[in-house]
Amino acid sequence: MTLKTALLGIALACAFVTQAPAALAAPQGPPPAITQSQTETSDPATGMLGQPPEGMAQIVVFRPSAWGGGAVAFTAKEGDRDVFKLGNGSYTIIFATPGRHAYSIKSETTDTLTMEVDAGETYYVIETLTSGLLLWRPHLNPSDEATFRSKVAKLRVSQWRPAADGAPEAAPETATESPAPAATGN
């Protein structure tokens, strides 16, 4: 057994020991509710989404919890305006006027999701991360209600809100970008 194999075995055992109790724990009740500060049209008792405000579309953006990139959060913009920022294992709801919207998120590269939204409709977007050359690379992709519902029990509501003057406000879950894990040779 090489030293590399032994260290890998120890790392896997540690990961199992720290993750097993959470995986075996009983569910902690219903999925987290959407707070009234996010939408007056949701039902906080059930966590079910309501209708968006009159003349608006609602976009549910979620980022499932993942080990890779767990300590980083990225700000999405529409033009020069900060729209949302998600930490690991969180979601938010944004409202948009009908029409075309382009949401961009940037790290080493910029990923842009362009959407055509209609009033009264709900859309779902998933944020994922991949490892880049030096930094984590965020991606925004269309999703669906079933995928969101399958993940919502493990998500928390994002507390980040843009400031009134357009400058971002910090929240406990926000973090600066950190480098992606360095590639190791065999």
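Details
- Residue list for segment 123-140, restricted to those being closer than 15 Å to residue 92 by Cα and of a type outside the set (A, V, I, L, M): 123, 124, 127, 128
- Filtering segment 92-136 to residues that are among the charged types (D, E, K, R) and without any contact (Cβ under 8 Å) to a residue 40 or more places away in the chain leaves 100, 106, 108, 111, 116.
- Highlighted here are the strands (runs of 3 or more DSSP E) found entirely within segment 68-186 that include at least 2 residues which are at pLDDT below 90 and surrounded by fewer than 20 Cβ atoms within 10 Å (Cβ to Cβ): 110-117, 122-131.
- Residue count, segment 55-67 (criterion: part of a loop (DSSP other than H, G, I, E, B), of a type in the set (Gly, Ala, Ser) and closer than 24 Å to residue 146 by Cβ): 2
The values are calculated or read from the model by the stated rules, or taken from the named source; none is laboratory data. Worth saying up front: this structure is predicted, and the values here are computed from it rather than measured. A quick note on method: Cβ atoms are made from the backbone with ideal geometry, for glycine too, and the neighbour counts reach across all protein chains shown.
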